[in-house]
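Heads up: the structure comes next, in structure tokens.
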Amino acid sequence: MILYFFCNFADEFGNAYFHINYLSTQNLTTMKRMMFLVCMFLTLGTTYAMTEKNTAVEMASDGYVVGVNQLPAAAQEVITKCFADKKILTILKERGEYEVIFQNGEKIEFNKKGEWTEVSCKMSQVPDILIPNQIKQRIMADFANARIVKIDRSSNGRNYDVELSNGLEVEFDKKFNVKKVDD
């Protein structure tokens with residue numbers, strides 16, 4: 001019916017006018033229903049695709065959202081001492097590890113014992129209390145104008161990777177010797 005209307009619309013004006021008048025109230029109602037169904041399917045399809053995409057990002061590898069009180073006590077203490085002025089956006093738990101994301105984009109990750117494994121403060125700097133003194137001293141000596149914006153601690157606590165505000169990445173071994181500097 002719709003195809004018929006559009007195909008014949010290109011005819012002479014009088015003919016096209018005839019076809020428009022030919023569409024009775026019943027035909028218009030049918031067209032409205034069809035357009036409504038098409039719009040509904042497009043909306044549902046888009047919503048489903050967006051939901052699938054978001055779910056894949058948020059719930060990757062069986063992670064789920066938890067509350068602050070479900071964090072290990074050591075993790076709660078770190079948040080209270082170092083991020084008391086920051087508002088928590090979400091806390092994800094995945095395979096016994098926790099990722100706390102703050103509203104300003106900063107994040108901190110903890111292992112199942114509540115020890116931090118990664119701290120990322122791209123817009124400010126990692127709180128001094130979380131940085132081992134030997135790393136702080138070395139960074140201040142070698143890169144005086146740079147701030148530490150990210151620090152990773154290996155699961156065994158033997159290596160530290162530090163990202164600086166000037167874009168350099170510095171890797172430390174278990175004795176806090178510089179192993180590598182990358183830009």
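Some values worked out for this structure:
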item	result
Those residues of region 93-135 which are surrounded by fewer than 16 Cβ atoms within 10 Å (Cβ to Cβ), over 15 Å from Asn166 (Cα atoms) and of a type in the set (A, V, I, L, M, F, W, C), in sequence order	Ile129
Long-range neighbours under 8 Å by Cβ, at least six apart or interchain, first residue without any contact (Cβ under 8 Å) to a residue 24 or more places away in the chain and among the charged types (D, E, K, R) within region 164-176, second open to solvent by less than 90 Å² (accessible area, probe 1.4 Å) and in a loop (DSSP other than H, G, I, E, B)	Glu171/Asn159; Asp173/Asn159; Lys174/Gly157; Lys174/Asn159
Subset tally (residues that are under 29 Å from the mean Cα position of the chain (by Cα) and open to solvent by less than 80 Å² (accessible area, probe 1.4 Å)) for region 136-150	4
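The values are calculated or read from the model by the stated rules, or taken from the named source; none is laboratory data. None of these values were measured; they are calculated from a predicted model. As a convention, Cβ positions derive from the backbone with ideal geometry for all residues, glycine included, and neighbour counts pool all protein chains shown. Ligands, DNA and RNA are excluded from the accessible area calculation, which covers all protein heavy atoms including side chains. Shrake-Rupley method; radii C 1.70, N 1.55, O 1.52, S 1.80 Å.
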